[in-house]
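All of the numbers you see were taken from the coordinates with simple rules; none came from a lab. Worth saying up front: this structure is predicted, and the values here are computed from it rather than measured. Ideal geometry is used to build each Cβ from the backbone, glycine not excepted, and the neighbour counts take in all protein chains shown.
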Protein chains: 2
Amino acid sequence: MMNEIALEKLRNILGNNNVSVEREQILNYLVDETPIPIRPHPAADVVLVKPLNTEDVSRLMIFANEHQIPIYPRGGGTGLAGGAIPTRNGIILSLERMNKIEIDVGNMMAIAEAGVTLSKLDESATSAGLSFPPHPGDENAQIGGLVATNAGGSRAVKHGIMRNQVRELEIVLPTGEILNLGRRVRKNNVGFDLMQLIIGSEGTLAVITKATIQLYSEPAVQLTLIIPYDNQHSAISTVPKMIHAGISPLAVEYAELDLLKKTAEHLNSRWPVTQGNCCLIVILEAADREELFSQSLAIMKICQQQTTYEIFAAESPSDQSNILRIRSGIYTALKSKTMDMLDITVPIAELEHTIDAISNVMATSGVEIPVYGHAADGNLHVHIMEAKDKGLNYVENLENEIYQIANSAGGVITGEHGIGKIRLEKLSLSLGRKELQLMKEIKKIFDPNGVLNPETKLPL
Amino acid sequence: MMNEIALEKLRNILGNNNVSVEREQILNYLVDETPIPIRPHPAADVVLVKPLNTEDVSRLMIFANEHQIPIYPRGGGTGLAGGAIPTRNGIILSLERMNKIEIDVGNMMAIAEAGVTLSKLDESATSAGLSFPPHPGDENAQIGGLVATNAGGSRAVKHGIMRNQVRELEIVLPTGEILNLGRRVRKNNVGFDLMQLIIGSEGTLAVITKATIQLYSEPAVQLTLIIPYDNQHSAISTVPKMIHAGISPLAVEYAELDLLKKTAEHLNSRWPVTQGNCCLIVILEAADREELFSQSLAIMKICQQQTTYEIFAAESPSDQSNILRIRSGIYTALKSKTMDMLDITVPIAELEHTIDAISNVMATSGVEIPVYGHAADGNLHVHIMEAKDKGLNYVENLENEIYQIANSAGGVITGEHGIGKIRLEKLSLSLGRKELQLMKEIKKIFDPNGVLNPETKLPL
């Protein structure tokens, strides 16, 4: 139990209104988007605080570190690995009030406080005549979380993952120091790259309070193609061919037609294509319509070697965003019966074999295992669905089988969602003893008392 | 002095022929491309070893670590910051015999041992119908060095720096363990990114023995434009406009006409443009000639707002490579009278102001300070030239003034060449006390006995 003296101290640091202990005010901060069956249980005794600025965060960290109180930094709560869930008694540090953003038009960068949402970043960039084409998460995800989890998303094909977009980070160390890492340049070889180490460290090394994000020029024209195929082999084998041809689409997604139709229904919409059994969704972006046309011709030429179906092209923004909305909605449509959702990533040359291997697991287990995802990144979302007659352990058994498939294909057990709290025990499947030891020692340097986002029990 | 017992042990590990103590065999390994006046002096008692494989490197590290003998990993010796120079008595570890390369065509990656040269990487990629358009260093630079120094180069504009090209690293820790970091995927969120920490650590955390490098599709058509301007303001102010317009050239270089003419003469060639006082050199790359044409039209439209001179376009490969050769030759042409060469990097919106500030320093000091470089990256090469009447300290004074200009523009003291051994004392100009402390502690984790590339004196 956090005692009254400690609470008083928190109220002094942050102001009365920014410290909540009432469970009903806190409820929404105890969960994230992790499927319920595998979502970690929140601790019983937590306090929610909402600092207004970096100095507040620093004072809070000094206090927490001194008293060894666990701190759980939290963004939009859109994570899928339980990373932000307070599993020990302690403090939830919501960055939501730190939501100022400014645009450095000359350098084409956004300077966003941690609590700025992805949709606000998008809007701000657009208002300044610029754009942020990567779409590394849910619209309500916050910059701090996107950076902490090194988010990916469907549009990493052309512009890369979150790691590639960050130019500067303001962070607060668990010991309270405020550091400014990076500069508004791409070339910076001054010492070890601590900024890259913080990106993807999932709130365990430092609290991210501000990030400078690379923006891009004004949004150019876009075209969304839906390419229907008879079977997954024909679809998936097209993907490396596109990449080899030097075409650089914004996104290349793979999904089965049934799944898209069901999702469209779930969203009261209609999937515009009826042919085939599965499809690739390709989003193209170009400076002008001519370049777009030449890109889409090149794509069509490649795809038509593997399919005879007509390719559907959506040009109007509303048609294109409807397609994207349906594709993005698959997770929501499956959610209620999803026991676990994986995001393995394999080298693109191994994609076909990997999808086959998962089909085999599905056939052997008799469990429904829909697979879809960011094909051109080798990044697959694999849902393990409810199967009431299968007893208790089938989910973990299937999870291990699929992780094994990813690892033996030279891939990773998580390409986007991260380790969070649900995959901590699986780290040793991917990393050797010495790698884990180095990581533990790095953690100790940054967070000597282990107060930041701990999973191991710490005294409150 | 390394005693006979130690030498015998080295010969046992590596074979007699791969351990040299004769000074004349070692001479070429005691230097790099750092300008002579500031180049660190090599130690008197060094042994040169040339391992054939990773296991040899591991055995060597275990031996050196046990006896606390400094080890200096070395690639092509093309560094410009003395990073590879053995400044303490110890062992030079040349990776040159580890020069095997294989191409993973399906995943479009090269798996190169540390001693593979940039030119061999280029050739191997081309032979496999692929390409490596970034050009992060001298043709004789080796992969290990390019990764260790996070090399940049003129073509980072489109494809980014070395950090963005690396997918896997095989490293040997100072304590002898062999680690395989990363996977052949772009999305990998399994724990802290130790690979990114090693990239740019300049041979102080681990020996890089192998790297998997992203390749690109078959080289497309290229066009090189030379855009003459009357003055640096008009030239430099065009650069952000190009980037803002969403054009993504391979390279945008800035140089003064006199410098290019002199360099051409030095190389027995001819600079193809006579108009104006300075110029931008823009290299465009596109999928086909139509796209190239539309890109160059867009560039010309922007440039013609700032200059009335005719734009020179080189289309033939030989004309284009001649231009690049002259541009790349500036360093060599200036070298004999260069006292120091800086590679500050500033945000692109600060470029104009930065070049002005350096002109002021030149005018005030009366020292010749030619400036040229990778304009679209804000990355400037600044030569401090010989000035016989200026006494001893003028070089360091000017260096500090220019570093001050870079830092106050929000830039960095080195964007490409790194800290090496010549800028160690300047780290505190750029980094705070806590950042330096974190770096020192990270160094200690990887290299507890401080044997890897040490500058501080260690017992041999």
### Query
About the Cα centre of region B:228-355, what is the dipole size in debye to 20, counting +1 per Lys and Arg Cβ and -1 per Asp and Glu Cβ, all else neutral?
320 debye
### Task
Please report the relative contact order for region A:169-286, taking Cα pairs under 8 Å with a sequence separation of at least 6, and give it as a percent rounded to a whole number.
29 percent
### Task
Report, ordered by chain and residue number, the lysines lying within cross-link reach of A:LYS440, taken as a straight Cα distance under 20 Å and ignoring same-chain residues fewer than 8 apart.
A:LYS421, A:LYS426, A:LYS457, B:LYS434, B:LYS440, B:LYS443, B:LYS444
### Task
Could you pull out every one of the lysines with an alpha carbon less than 18 Å from that of B:LYS158, ignoring same-chain neighbours closer than 8 positions?
A:LYS158, A:LYS187, B:LYS241
### Message
Please arrange A:SER119, A:SER94, B:SER127, B:SER430 by how many other C-beta atoms lie within 10 Å of their C-beta, fewest to most.
### Response
B:SER127, A:SER119, B:SER430, A:SER94
### Task
Round to a whole angstrom and tell me the spacing of the C-alpha centers of region B:21-39 and region A:381-460.
48 Å
### Task
Distance between Cα centroids, region A:90-158 to region B:269-283: provide it in whole Å.
41 Å
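Given only helices, namely DSSP H runs of n ≥ 4 each adding -39500 (n - 2.57), what is the per-residue ellipticity at 222 nm of the protein assembly as shown, to the nearest 500 deg cm²/dmol? Mind dumping the intermediate values first?
Numbers: 30 runs with 318 residues, N = 920.
Rounded to the nearest 500, the figure is -10500 deg cm²/dmol.
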### Query
Under the definition of partner shielding as Cβ atoms of other protein chains within 10 Å of a residue Cβ, what is the mean value for peptide A:339-348?
3
### Task
Would you please give the FRET efficiency between B:GLU441 and B:ALA128, computed as 1/(1 + (r/R0)^6) with r the Cβ-Cβ distance and R0 = 30 Å, to the nearest 0.05?
0.10
## Note on the structure
Relative contact order as a percentage, region B:253-359, C-alpha pairs under 8 Å and 6+ apart, gives 31 percent
### Query
What list of ³J(HN,Hα) couplings, whole Hz, do you get for region A:337-346 from phi and the Karplus terms 6.51, -1.76, 1.60, once you set θ to phi - 60° and write x for glycine and proline?
10, 8, 8, 7, 10, 9, 9, 4, 9, 10
### Task
For B:VAL451, list long-range residues whose amide hydrogen, built 1.01 Å from N in the peptide plane, is under 5 Å from its own amide hydrogen.
none
### Task
List the lysines whose Cα lies under 21 Å from the Cα of A:LYS120, skipping any in the same chain that are fewer than 8 positions away.
A:LYS50, A:LYS100, A:LYS210
### Query
How big is the charge dipole of the protein assembly as shown about its Cα centre, in debye rounded to the nearest 20, if each Lys and Arg gets +1 on its Cβ and each Asp and Glu gets -1 on its Cβ?
1280 debye
### Query
Residue by residue through region A:303-315, which ³J(HN,Hα) values in whole Hz follow from phi under the Karplus form 6.51 cos²θ - 1.76 cosθ + 1.60 (θ = phi - 60°), with glycine and proline marked x?
5, 5, 6, 10, 8, 9, 5, 6, 8, 9, 10, 9, 10
#### Entry: Whole-Å distance, taken between Cα centres, linking region B:287-322 and region B:60-75
51 Å
### Query
With +1 on each Lys and Arg Cβ and -1 on each Asp and Glu Cβ, how big is the dipole of chain A about its Cα centre, in debye rounded to the nearest 20?
740 debye
### Query
Label 7 Å along Cα→Cβ of B:GLN25; region B:56-98 residues with amide nitrogen under 17 Å?
B:90-98
### Message
With the crude spin-label approximation of a point 7 Å out along Cα→Cβ, what separation in nm comes out for B:ASP389 versus A:VAL221?
### Response
6.3 nm
### Task
Rank A:LEU80, A:ALA286, A:GLN222 by how far each Cα sits towards the positive end of the charge dipole of chain A (+1 on Lys, Arg Cβ; -1 on Asp, Glu Cβ) and give me just the farthest.
A:LEU80
### Message
Please compute the contact order of region B:347-423 in relative form: average sequence separation of alpha-carbon pairs under 8 Å and at least six residues apart, divided by the residue count, as a percent.
### Response
29 percent
### Task
Name the residue farthest towards the positive end of the dipole of the protein assembly as shown from the options B:TYR29, A:HIS135, B:LEU60, assuming +1 on Cβ of Lys and Arg, -1 on Cβ of Asp and Glu, about the Cα centre.
B:LEU60
### Task
Enumerate the calculated ³J(HN,Hα) couplings along region B:185-194 in order (Karplus 6.51 cos²θ - 1.76 cosθ + 1.60, θ = phi - 60°), each rounded to whole Hz, writing x wherever the residue is Gly or Pro.
9, 8, 9, 8, 10, 9, x, 5, 7, 5
### Query
How big is the Kirkwood radius of the protein assembly as shown, worked out from every pair of different alpha carbons and given in Å to one decimal?
29.0 Å
### Message
What does the copy distance list look like for A:GLU315, label position 7 Å along Cα→Cβ, in nm and ordered from shortest?
### Response
3.0
### Message
In chain A, once you exclude exposed trypsin sites (Lys or Arg not before Pro) (DSSP loop, at most 14 other Cβ within 10 angstrom), what's the longest stretch remaining?
### Response
A:101-269
### Message
If I model a spin label at A:ASN140 and A:HIS233 as a point 7 Å from the Cα along the Cα→Cβ vector, what separation in nanometres do I get?
### Response
4.3 nm
## Note on the structure
Partner shielding of A:192-202, as the mean number of partner chain Cβ atoms within 10 Å, equals 6
